[in-house]
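Accompanying notes for the structure given below.
The values are calculated or read from the model by the stated rules, or taken from the named source; none is laboratory data. This structure is a prediction, so every number in the text was calculated from the model and none was measured. Cβ: placed from backbone, ideal geometry, glycine included. Neighbour counts: every protein chain shown.
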Amino acid sequence: MKPRPGVDIPNHRGRTGLDRAGAGRGLDRNPGVRVRDVELTSQGWHVLRRTTFDYRRRDGRWETQVRETYDRGNGAAVLAYDTARGRVLLTRHFRYPAYANDHPDGMLVEAAAGLLDADDPHTAIRREAAEELGVTLGPLTHALDAYMSRGSVTERLHSFAAPYTPSDRAGTGGEVEEEGEDIEVLELPFPEALAMTRDERITDGKTVLLLQWAALNGPFAPHPAPRR
């Protein structure tokens, strides 16, 4: 049988992972889960799989469940900040899924972010900041890792904060046109950006988390937490 991209061998984006079935393939961390079968159902921009597994309930009974998982790889995000001027750098661009699900115009205000692809999180987010924001970041501070849509999407998002100054903005940023991006760069006062999470002008999950982190534990907190 010919190896199946995204199941038996890396897919066109260079990722595998949800093909792992049972102890022989390494997915044995939870003794209450036994993966039985993985089916590749769609391979477009990312990969959709249907997995059948046995799950042991809290009362000891085993039951068979089927779940679809969307594999887009892991990603990284960053809140670029300038404490001297009290500002943050964000982006605004069109997100069709949000537009289709009742967002007024689909134009979401977000922290810069992107997929890791073959890079580690630190390298990936510096690349994305240069591409999207046109900025060279200072030292990265790890804020949090989070599964943003844990019921169906496999992505784990590594989130950071990093300082910048006006002189670090070496380019205009904006987009990678061949990937369909058309990004507006926004430099906002931090209090305004935080207020936008309350009145729902900012509804992107990672951005809400990073702005609240910055206010509570990060660079705009009364007593910022030590860097890690």
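Observations
- The number of residues in segment 97-144 that are closer than 25 Å to Gly218 by Cα, loosely packed, with under 13 Cβ neighbours inside 10 Å and among the charged types (D, E, K, R) comes to 1.
- Taken over segment 37-86, residues that are assigned to a strand (DSSP E or B) and loosely packed, with under 14 Cβ neighbours inside 10 Å amount to 12.
- Residue in segment 126-135 that is in contact with a His (Cβ under 9 Å, 6 or more places away or on another chain), of a type outside the set (D, E, K, R) and either at pLDDT 95 or above or not in a strand (DSSP E or B) (or both) present: no
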